[in-house]
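Novice: I have a structure here, written as structure tokens, and I will follow up with some questions on it.
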Amino acid sequence: MNEKTFGPLLRADGVLFRLWAPLQERVSLILEGGTPLQMERAGDGWHSLTVAEAGPGTRYQFALSDGLKVPDPGSVHQPEDAHGPSEVVDLTAYSWKNPDWTGRPIEEIVLYELHIGTFTPEGTFLAAIDKLKHLKDVGVTALQIMPVADFPGRYNWGYDGVLPYAPDASYGRPEDLMALVDAAHGLGLCVFLDVVYNHFGPDGNYLPAYAPIFTDRHKTPWGNGINYDGESAAAVRAFVIENAIDWIATYRFDGLRLDAVHAIEDNSGEHLLHELARRVRAAAAGRHVHLVVENEDNDSDLLMRDGEGRPVFFTAQWNDDIHHVLHIAATGETFGYYADYSDDTGKIGRALAEGFVFQGEHMPYRGEERGKPSADLPPTAFISFIQNHDQIGNRARGDRMAETIDPAALKAIASVYLLAPQVPMLFMGEEWGSTDPFPYFCDFNEELNETVRKGRREELSRLPGFDSDDLMDPTAESTFKTGKLDWSQAEEEEGRAWLAFYRDLLALRHARLAPHLAGARSGRTQGDGRFVDVEWTLGGGATLRLLANLTASAIEGVPVPASSDEVLFTLGAVEDGRLGPWSLIWTLDRP
């Protein structure tokens, strides 16, 4: 079991309470209903006190020299929200039903992104357990849970967390999260967690009052950067890295997705991201644990492999590029950041074949060069999707493609990304063609709520709909409730048809494609640019090929394979020398 530096430590002589507060000369411990107890200060800025009568269930706060009461930054449970007292919890008391689970290799992973608060009507960890069999039946092999770190208020996307060790109490107790992970493992499902180490939320982060958590040497979209490389940075780095290890070692997650790592600046000898990856992998020895990044800079160095093809740092990256090119093909939308990806079928081929569309080239909309070469990486270094929380939630109405576009177009792009050798990721409800919106939502005090309303309009002003007078209020409870999945849609005729479609494609992926993904190499684009033509060499020498017409018009003169025994899957009108609208053919030629 990983022994953490932060948070209360349960020992034979009681509970050791500790707080790293180098900016405070005096710190007191206040147990619920008790009087302040003076803590001992060490030279390294740590304040500590052992209390014999404390134990699991004890609620406590720290009082700073000016009287400000703060929660424990290493707290694992905040029963009264982020501003309230912390609770001592013995996480070692949980009895694991599947202690021998070691995970799945990346080649078997099919991700399913979900938000705990809107995935079920109840919005809890325990309620999510009841939906696991559904995911397994569809062909999902891994949950991708949006951030759960404690945030202020009743609802939040999760990216405003302020207490990274504490699963938000609105979703249940930490033991409930353990039960969800345990139940998933019992069904053969992995569980990934989204974590945020680039900033803290705007409300409830008390760390700056007593510790040098921020630095003005680095800037982020949320203000000063986190102090990962300055004076006292060692403790700050430990706070974050131990948190990552905690999710893996204590809660037994199978993977982490690190949010917006391009906003993490570190000029020290070993970059925080490198150290985090190294130490997490060491802590997870003997298990399949996958580390994933979101990285707007498309820095392929983070995805490098060693001589045996194993990740040196991170396993994979969410690939916005493949989302953008497929989204444009299906919707025709070219506004905002889509503009850089429009008017070129070759960009679809490059995203599928090599991962990144832009590998150092200039992007007119962004007004800068972006990306590094990625053609030497295996396909499994990229996570593909046609919907996720950002791409839906950053639309003015939070609308999904299933609500507005031709089902034939949606089926075509789904058939591309679900059978491509990259790692596919569904967004919750996508498998039954959900039309439920997923808008951005949060719940702060009224002053911050107004700041959020204005900020959303300004940040996304170049996207359609954000100048509307009836724009959804991101801070309203009604907006949060619109994001709740309506599971009854899955039982309707159209929902059942979509489920069968997704189930069949994923069954095909697991049976025919996954066994060849280990050792797969990046692809090669072919053809004359009128249609998508990509070929990959997979493990063992198998050849996977995609021919696709991702337009509403037929294309003549296409070299459609003549041998039917190589065909893996077809969609639409695929004939000799012709691809009908929204049609494609996948072939798999074994050596």
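Novice: Quick check on this structure: which one of 74, 14, 45 is among the small types (Gly, Ala, Ser) and under 23 Å from residue 172 (Cα atoms)?
Specialist: 74
Novice: Please give the strands (runs of 3 or more DSSP E) falling wholly within segment 217-330 in which 1 or more residues are over 21 Å from residue 189 (Cα atoms), hydrophobic (A, V, I, L, M, F, W, C) and at pLDDT 95 or above.
Specialist: Counting at least 1 such residues, we get 223-226.
Novice: Answer yes if at least one residue in segment 378-391 is over 23 Å from residue 442 (Cα atoms), more than 16 Å from the chain's Cα centre (by Cα) and of a type in the set (Gly, Ala, Ser), and no otherwise.
Specialist: Scanning segment 378-391 turns up no residue that is over 23 Å from residue 442 (Cα atoms), more than 16 Å from the chain's Cα centre (by Cα) and of a type in the set (Gly, Ala, Ser).
Novice: Also: Mind telling me which of the residues 553, 488 ends up being modelled with pLDDT of 95 or more, surrounded by fewer than 16 Cβ atoms within 10 Å (Cβ to Cβ) and in a helix (DSSP H, G or I)?
Specialist: 488
Novice: Okay, moving on. Just checking, does segment 238-250 include any residue being within 21 Å of residue 110 (Cα to Cα), in the same structural domain as residue 424 (by TED's automatic domain parsing) and not aromatic (Phe, Trp, Tyr)?
Specialist: Yes, the conditions are met somewhere in segment 238-250.
Novice: Do we find that residue 423 is farther than 28 Å from residue 168 by Cβ, in contact (Cβ under 8 Å) with a residue 40 or more places away in the chain and touching a Ser or Thr at 6+ places or on another chain (Cβ under 7 Å) in this structure?
Specialist: Taking the combined requirement at face value, the residue does not satisfy it.
Novice: To continue, here is another question. Among the residues of segment 49-91, write down those that are in a strand (DSSP E or B) and not β-branched (Val, Ile, Thr).
Specialist: Listed by number, the residues that qualify are 49, 59, 60, 61, 62, 63, 64, 69, 86, 87.
Novice: Kindly list, by first and then second residue, each pair from a residue in segment 264-280 that is in contact (Cβ under 8 Å) with a residue 12 or more places away in the chain and within 12 Å of residue 227 (Cα to Cα) to a residue that is aliphatic (A, V, I, L, M) and assigned to a helix (DSSP H, G or I), limited to pairs with Cβ atoms under 8 Å and residues at least 6 apart or on different chains.
Specialist: That search, which allows pairs on different chains as well, returns 264/272; 264/273; 266/272; 266/273; 268/233; 272/240; 272/241.
Novice: When you look at residue 587, is it touching a residue at least 40 places away in the same chain (Cβ under 8 Å), surrounded by fewer than 20 Cβ atoms within 10 Å (Cβ to Cβ) and touching a Pro at 6+ places or on another chain (Cβ under 7 Å), yes or no?
Specialist: Criteria not met by residue 587.
Novice: Shifting gears a bit: Just to verify a result, which residue in segment 1-43, among those that are of a type in the set (Lys, Arg) and farther than 25 Å from residue 279 by Cα, is nearest to the chain's Cα centre (by Cα)?
Specialist: The extreme case among them is 11.
Novice: Say whether the condition of being over 30 Å from residue 125 (Cβ atoms) and either aromatic (Phe, Trp, Tyr) or surrounded by 18 or more Cβ atoms within 10 Å (Cβ to Cβ) (or both) is met by at least one residue in segment 245-254.
Specialist: no
Novice: Now for a separate question. Regarding segment 406-426, can at least one residue be identified that is in a loop (DSSP other than H, G, I, E, B) and surrounded by fewer than 20 Cβ atoms within 10 Å (Cβ to Cβ)?
Specialist: The answer is yes, given that some residue of segment 406-426 is in a loop (DSSP other than H, G, I, E, B) and surrounded by fewer than 20 Cβ atoms within 10 Å (Cβ to Cβ).
Novice: Hey, could you check segment 118-172 for residues that are charged (D, E, K, R) and not in a loop (DSSP other than H, G, I, E, B) and say which is nearest to the chain's Cα centre (by Cα)?
Specialist: If we take residues in segment 118-172 being charged (D, E, K, R) and not in a loop (DSSP other than H, G, I, E, B), then 150 is nearest to the chain's Cα centre (by Cα).
Novice: Of the numbered conditions (1) modelled with pLDDT of 95 or more; (2) under 18 Å from the mean Cα position of the chain (by Cα), residue 409 satisfies every one except a single condition; which is it?
Specialist: Failed condition: (2).
The values are calculated or read from the model by the stated rules, or taken from the named source; none is laboratory data. Computed from a predicted structure; not experimentally measured. As a convention, Cβ positions derive from the backbone with ideal geometry for all residues, glycine included, and neighbour counts pool all protein chains shown.
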